[in-house]
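This report refers to the structure that appears directly beneath it.
Laboratory data are not the source of any read-out in this text; all were calculated from the coordinates shown. If you're wondering where the values come from, they're calculated on a predicted model, not measured in any experiment. All Cβ positions, even for glycine, are placed from backbone atoms using ideal geometry, and neighbour counts span all protein chains on display.
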Amino acid sequence: MLKYRQGLADRPSYDMDTNEYRITLNANESTMNLPPIVEDRLMGRFASVAFNRYPGAEDYLSLTRQIAANFKVQPENILLGNGSSEIIEKLFYCFGGSKDAAIVYPQPSFSMYGIYAAAAEAKGVPVDLEPDYTLDLEKFVSAVIKNKARLCVICNPNNPTGTGFSVSDIQYIADNIPTSCAFLVDEAYVEFYGQSAVSLLKDYPNMIIARTFSKAYGLASARVGYSIASAAMTDMIGRSFMPYHMNTLSLVTADIVYQMRHEYVPRIQMVIAERKRLAEAVKQVPGFTVYPSETNFLLIHHEAAPALNEAFERQGIGVRSFGAAPRLTNCLRISMGTREENDTWLSVLRAFAEERA
Ligand SMILES: *Cc1c(COP(=O)(O)O)cnc(C)c1O
C-alpha cells in the first residue's frame, strides 16, 4: 500500500468537462480568441523566444513593472502566478499547516477555496451567504474573530452567484477583522464590475488582491494571474513558489496582452451589455429566477434545471450545472458568449419553458 499524504484520497479530482460542445459557456472563459492585432504581435514575439533557456528575469519583470505602473505601486508589491489559482493555492498553503489555522470564506463561492484549505491542512470555515446571496458582514467578521482565522477570503464579484460587494463592504471587513488575519480579495471578474478594492491596499498591509488574465483578457490557455499586496506579504508568499514557476511563453503572451489591454475594452463592454440583455430576457420567462450579476456569467434557477441542462447538451451547448452543491441546487451558470451564441441558448431555454407550460 502506498502511503499517500493524509487527506489526499478525499480530495476530489478536478472534473474537467470532457464533452465537445458547439457552444462552450461552462467555464467563464472569453468566447473570443485573441484580437487579431494582438495575435500578430504575439506571433512575432514568439520568434525571439530562447526556448533552450530558463525564463529570464527580464520577462518576469517586464510584466511585473507594467502591472505595478498601472496600479501606481512598486514591482515589490506584485507576484505573478500560473493563473491566480496558483497564487490563491500558495496563500492558503502559507497561512495553513495546522488544524487550528482557520481560513474563512463565503459559501456558495469559488469551490476551490474549500479544497485548497483542506490541501493546506487548514481548517476551512465556510460562512453561508444570505438566501439572496448577499453577505452578512457581521456574520463574516464574527466567524473570523471566533475562529482566530489566519486568512479570510472574499470573491468580488462572487463566482458562481455573480454578486458584487461594494468597496465599503470590503473596507468594513478590513476594518473589523484583526490585523493579524490576512485578507484575500479575489477579483477574477472585476473588469466586468469596475469596483476594485485596490485603493484600500495602502491602508491595509494584511490585504492581498488576486487578479487573472483568464477571464476578461481571454487568456485562460496561458495560465497567468497576479497579486497586489504589501511588499512584506509579497515577499513571504513569494517564498512558497518553485524556481522559474512562470514559463516564458506565458510571460511574453501576458506581457503583450497587458500592453494592448485597451483592445479588450469593447469586448468587455459587449459582455456586460449581453449580460444585461440576457438577464432581462430570462426574467421574462415564467419559472426562472435570475440572480443579479456583475460578472461575465448569469446564475439562473429553475425547478427543473437538470432537464434544461440536458436540453442544452442535446443542442451542443455546455453550461455549468452544480448538481447538489450546497445552496446551488437547480441552478445553472451560463457564461456570456457572442450575441449569436446567447440567442441560441436563449431560444433553447424559451422552448424548454413553453414545453413545460
Ligand atoms: C476563474 C477564477 C479564478 C482564477 O482562474 P485562473 O485561471 O487560475 O487565474 C480565481 N478565482 C475565481 C473565483 C475564478 O472564478
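Span-like helix check, the chain: qualifying full DSSP H segments, with Cα axial length of 18 Å or more and mean Kyte-Doolittle of 0.0 or more, are 83-95. Distance between the 7 Å Cα→Cβ label points at residue 280 and residue 98: 5.6 nm. Taking the chain, how much of its Cα-Cα pair set, in percent, is spaced more than 37 angstrom apart? Percentage above 37 Å: 20. For the chain, leaving out every one of the GluC sites (Glu not before Pro) that falls in a DSSP loop and has at most 14 other Cβ atoms within 10 Å, the longest unbroken run is 21-302. Each of the chymotrypsin sites (Phe, Trp or Tyr not before Pro) that DSSP puts in a loop and that has at most 15 other Cβ atoms within 10 Å breaks the chain; the longest unbroken stretch is 52-243. Going from the fewest other Cβ atoms within 10 Å to the most, the residues 94, 181 appear in the order 94, 181. Considering only DSSP beta bridges with both partners in segment 36-259, what is the antiparallel share in %, to the nearest 5? Percentage antiparallel, nearest 5: 35. As a proxy for reagent exposure, 255, 175 were ordered by neighbouring Cβ count within 10 angstrom, fewest first; the result is 175, 255.
Looking at this model, which pairs from 123/146; 215/276; 123/202 are more than 21 angstrom apart at the alpha-carbon? Among 123/146; 215/276; 123/202, the Cα-Cα distance tops 21 Å for 123/202.
In the chain, if the dipole is taken from +1 on Lys/Arg beta carbons and -1 on Asp/Glu beta carbons about the Cα centre, which of 119, 315, 133 is farthest to the positive end? So the residue furthest toward the plus end is 119.
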